[in-house]
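One structure is given below, encoded as structure tokens.
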Amino acid sequence: FQRTEAPRPPGGRDLHAYPWDKSSLKSMPVDLQQFEKLDAYALKVNVKNSVEELVKALLKQARTDLEKVRAIWMWICHHIEYDVVGYHNKSQLSNKPMDVLQTGKSICEGYAGLFEQMCSIAGIQCMKLSGYSKGYGYKLGQTFAGDSDHAWNAVYLDGRWHLLDSTWGSGAVDDSFTKFTFRYNEFYFLTHPALFINNHFPDNSNWQLLKPTLTLKDFENNMLHNSNFYTLGLLSAHPETAVIQTVNGKASISVDSRSATLFTFKLQGTDEHGLMTLKKHGMKLDVYPQKTGSHKLQIFAKPSKASEDVYNCVLEYVVECKSVDKAMRFPKDLHQPVGPSWFTERQGFLRPSHPEPVIHTNDGRCALTFTLGKDISVFASLHSDNSSLTEEMRRRHIMQIHRGNQIELKIHLPHAGNFVLKIYAKKKSDPGNYDYIFNYLIACLNTEVKWPAFPQSYTKWLEDYEILEPLSGLLPANRNVQFKLKMHGIAKVLVQAEDTYPLTQSRGCWEGTCNTSGCREVFVMVHENANHSFYSHVLKYEVETQ
């Protein structure tokens, strides 16, 4: 064990470009898999009688300087707990390395001091740094003055200085600052300086290891991205300031990510007042606060492959709202995210005719098409806050038309307003329930709109049959009504009103007229086999009362 010579101050070759070049989370190439054995060994070392003995035991498995630093780092992060009691009562607290080792607890000062001494014994240049941090108790937009509030280390490896923070690597304190929980965080080991500056501002700006260096004002104004943000593969967020002013009642946020990521958000604790869409590389969110004043906006994320349902908070903003856009009150059935995305594509909905989350219709009608990439059955329903649609009617304002692997959803709205179109699917071979996949917002301002439902269909109405006319499930009274239906594989079609009217087949369609006098309902029936006398009902229409 040699004592190290006096460390050289940081200079040209230690510096990294700011802002972050999005290349790596660390300041030197590190292969975590190569550390697995060493990490496991370091965790098991149990020496408390002297710092020298502890280092000696740890270095048995470490050959390179990087491995030595890693073993020391791993041991401290898993054996020293943050002293919440000592933090509140500093006079009782010793930060001497030996005391920290024996009590097994300390505050940042003690972590950094122990790290520095252990490196020194191992023959590695190490500095204890102090400065301001955006850690426990940090409030959005606050300024910093007076004494520094945090300590961390710089280590000299492969001819360059690198940064690490073993206090934050070891775990976290709860909101009331009464309880510490060990929760190892890889992010703070040799963190890229352009990311470290996000929440560490050293007293001596040379130790930012950045070119150009940031001013304290920059540090205060910069958006705080916590380690989850980068660990989940997120790259950047806009706006880059923590406080957002609404423009005409709306604030917009976007996040860029390396790969497909799932997001959720909360504005004042709820996700009702926004429209979030997933993008291939990130997400876009528009929020419309329904009250003026300051609103807390939190954004959560998880990897698309994550099995458990745990979203981590990755961003916090304050939204300042001066005026409310009442037109953007969304139905409570609207579910985030809205609109199609890589996620719905994975579920088998390809090439959507409407890639945007909101569909505007002036006449109360719209039609959406998708190519189905899997053998799935689709189920859709329409929801709105101010309508008394029954379960059955929610479905009957939507008509499905299948052509090969294409599906069309024709929608006729019962009245003006904001509607949610919910889309569910299941494998055709699955007997079970449909799974919710996604939804759209359909907006119609035209108060004249009042479309009746489509006719009711029964199980014998096959999914590739198509109604060309009449589309309305409500037929006029005492009229001749023209029927034209696309059906195949049947022998005969009858329309039953007061009298029975046969339809004739020409070019794949069954056509004819029926008179609606004297009846309240009209049924379409099919004969599947010319030798049977048995008819099946396929469609039912209502007739207007006079």
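The values are calculated or read from the model by the stated rules, or taken from the named source; none is laboratory data. Nothing here was measured: the structure is a model prediction, and the numbers come from that model. Here the Cβ is made from the backbone with ideal geometry for all residues, glycine too, and neighbour counts use every protein chain on show. Accessible surface areas use protein heavy atoms only, side chains included; no ligands, DNA or RNA. Shrake-Rupley method; radii C 1.70, N 1.55, O 1.52, S 1.80 Å.
Okay, residues lined up against (1) farther than 25 Å from Asn89 by Cβ; (2) in contact with a Cys (Cβ under 7 Å, 6 or more places away or on another chain); (3) in a helix (DSSP H, G or I); (4) among the hydroxyl-bearing types (Ser, Thr, Tyr):
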| position | (1), (2), (3), (4) |
| --- | --- |
| Ala151 | no, yes, no, no |
| Val155 | yes, yes, no, no |
| His162 | yes, no, no, no |
| Gly169 | no, yes, yes, no |
| Asp175 | no, no, no, no |
| Tyr184 | yes, yes, no, yes |
| Phe187 | yes, no, yes, no |
| Ala194 | yes, no, yes, no |
| Asn206 | yes, no, yes, no |
Going by the conditions given, is Cys126 buried (at least 17 other Cβ atoms within 10 Å of the Cβ), in contact (Cβ under 8 Å) with a residue 60 or more places away in the chain and touching a Cys at 6+ places or on another chain (Cβ under 6 Å)?
-> yes
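Quick one: which of Ala497, Ala491 is touching an Asp or Glu at 6+ places or on another chain (Cβ under 9 Å), outside the structural domain of Arg396 (by the TED database), surrounded by fewer than 15 Cβ atoms within 10 Å (Cβ to Cβ) and aliphatic (A, V, I, L, M)? Don't jump to the end; show me each part of the working.
Numbers: Ala497 fails: surrounded by fewer than 15 Cβ atoms within 10 Å (Cβ to Cβ).
Selected residue: Ala491, the only one of Ala497, Ala491 that is touching an Asp or Glu at 6+ places or on another chain (Cβ under 9 Å), outside the structural domain of Arg396 (by the TED database), surrounded by fewer than 15 Cβ atoms within 10 Å (Cβ to Cβ) and aliphatic (A, V, I, L, M).
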First in region 214-239 and not assigned by the TED database to the domain that holds Gln298, second anywhere and among the acidic types (Asp, Glu) and open to solvent by 20 Å² or more (accessible area, probe 1.4 Å), Cβ under 6 Å, 6 or more apart | Met223/Glu240
From Gly159, Gly171, grab the single residue that is touching a residue at least 60 places away in the same chain (Cβ under 8 Å) and within 32 Å of the chain's Cα centre (by Cα).
-> Gly171
Count, please, the residues in region 407-429 that happen to be crowded, with 20+ Cβ neighbours inside 10 Å, without any contact (Cβ under 8 Å) to a residue 60 or more places away in the chain and either out of contact with any Leu (no Cβ under 8 Å at 6 or more places or on another chain) or not in a strand (DSSP E or B) (or both).
-> 2
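Restricting attention to region 171-205, and to residues there that are in contact with a Leu (Cβ under 9 Å, 6 or more places away or on another chain) and among the acidic types (Asp, Glu), which single residue is least open to solvent (accessible area, probe 1.4 Å)? Show your work before the answer.
Applying the first criterion (in contact with a Leu (Cβ under 9 Å, 6 or more places away or on another chain)) to region 171-205 yields 186-205.
After this cut, where a residue has to be among the acidic types (Asp, Glu) as well, the list is 186, 203.
Working: Glu186: 39, Asp203: 98 Å².
If we take residues in region 171-205 being in contact with a Leu (Cβ under 9 Å, 6 or more places away or on another chain) and among the acidic types (Asp, Glu), then Glu186 is least open to solvent (accessible area, probe 1.4 Å).
Evaluate region 524-535: report whether one residue or more is touching a Lys or Arg at 6+ places or on another chain (Cβ under 6 Å), assigned by the TED database to the domain that holds Glu469, over 11 Å from Ala491 (Cα atoms) and surrounded by 12 or more Cβ atoms within 10 Å (Cβ to Cβ).
First, pick out the residues of region 524-535 that are touching a Lys or Arg at 6+ places or on another chain (Cβ under 6 Å): 527.
Cutting the leftovers down to assigned by the TED database to the domain that holds Glu469 gives us 527.
Going one step further and asking which of them are over 11 Å from Ala491 (Cα atoms), we end up with none.
No, region 524-535 has no match at all.
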Search region 304-330 for residues being closer than 30 Å to Gly373 by Cα and either in contact with a Ser or Thr (Cβ under 6 Å, 6 or more places away or on another chain) or small (Gly, Ala, Ser) (or both), and hand back the single one that is surrounded by the fewest Cβ atoms within 10 Å (Cβ to Cβ).
-> Ser307
What are the residues in region 32-61 that are open to solvent by 80 Å² or more (accessible area, probe 1.4 Å), over 19 Å from Leu101 (Cα atoms) and without any contact (Cβ under 8 Å) to a residue 24 or more places away in the chain, if any?
-> Gln33, Gln34, Glu36, Lys60
Selected residue (criterion: farthest from Phe144 (Cα to Cα)) from residues of region 206-245 that are of a type in the set (D, E, K, R) and open to solvent by 50 Å² or more (accessible area, probe 1.4 Å) = Lys211
The lone exception for Lys492 - which of (1) at positive phi; (2) modelled with pLDDT under 95 it fails | (1)
Might you check whether a residue that is surrounded by 14 or more Cβ atoms within 10 Å (Cβ to Cβ) and closer than 19 Å to Leu471 by Cα occurs anywhere in region 345-364?
-> yes
Give me the pairs: first residue in region 501-515 and not assigned by the TED database to the domain that holds Leu539, second residue charged (D, E, K, R) and surrounded by 12 or more Cβ atoms within 10 Å (Cβ to Cβ), beta-carbon distance under 7 Å, and six or more apart or on different chains, which are they?
-> none
Go through region 267-297 and count every residue that is surrounded by fewer than 16 Cβ atoms within 10 Å (Cβ to Cβ) and in a strand (DSSP E or B).
-> 4
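Results for (1) within 26 Å of the chain's Cα centre (by Cα); (2) modelled with pLDDT of 95 or more; (3) within 21 Å of Ala453 (Cα to Cα); (4) not β-branched (Val, Ile, Thr), shown as yes or no for each residue.
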site	(1), (2), (3), (4)
His335	yes, yes, no, yes
Val338	yes, yes, no, no
His360	yes, yes, yes, yes
Cys366	no, yes, yes, yes
Thr369	yes, yes, yes, no
Lys374	yes, no, no, yes
Ser387	no, no, yes, yes
Met393	no, no, yes, yes
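Look through Val47, Val85, Val55 and report the one residue that is of a type outside the set (Asp, Glu), part of a loop (DSSP other than H, G, I, E, B), more than 23 Å from Asp203 (Cβ to Cβ) and in the same structural domain as Lys26 (by the TED database).
Values: Val85 fails: part of a loop (DSSP other than H, G, I, E, B); Val55 fails: part of a loop (DSSP other than H, G, I, E, B).
Result of the check over Val47, Val85, Val55: Val47.
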Quick check, is Gly404 small (Gly, Ala, Ser) and open to solvent by less than 70 Å² (accessible area, probe 1.4 Å)?
-> no
Single match in Lys68, Lys105, Lys90 (criterion: open to solvent by 20 Å² or more (accessible area, probe 1.4 Å) and more than 40 Å from the chain's Cα centre (by Cα)) = Lys90
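Regarding region 62-81, can at least one residue be identified that is within 26 Å of His192 (Cα to Cα) and of a type in the set (Ser, Thr, Tyr)? Lay out the reasoning, then the answer.
Filtering region 62-81 for residues within 26 Å of His192 (Cα to Cα) gives 62-81.
Filter again for of a type in the set (Ser, Thr, Tyr), leaving 64.
Yes, because at least one residue in region 62-81 is within 26 Å of His192 (Cα to Cα) and of a type in the set (Ser, Thr, Tyr).
Just to be sure I understand, how many residues within region 149-197 are polar (S, T, N, Q) and touching a His at 6+ places or on another chain (Cβ under 8 Å)?
Applying the first criterion (polar (S, T, N, Q)) to region 149-197 yields 153, 166-167, 170, 176, 178, 181, 185, 191.
Those left that are additionally touching a His at 6+ places or on another chain (Cβ under 8 Å): 167, 170.
Residues in region 149-197 being polar (S, T, N, Q) and touching a His at 6+ places or on another chain (Cβ under 8 Å): 2 in total.
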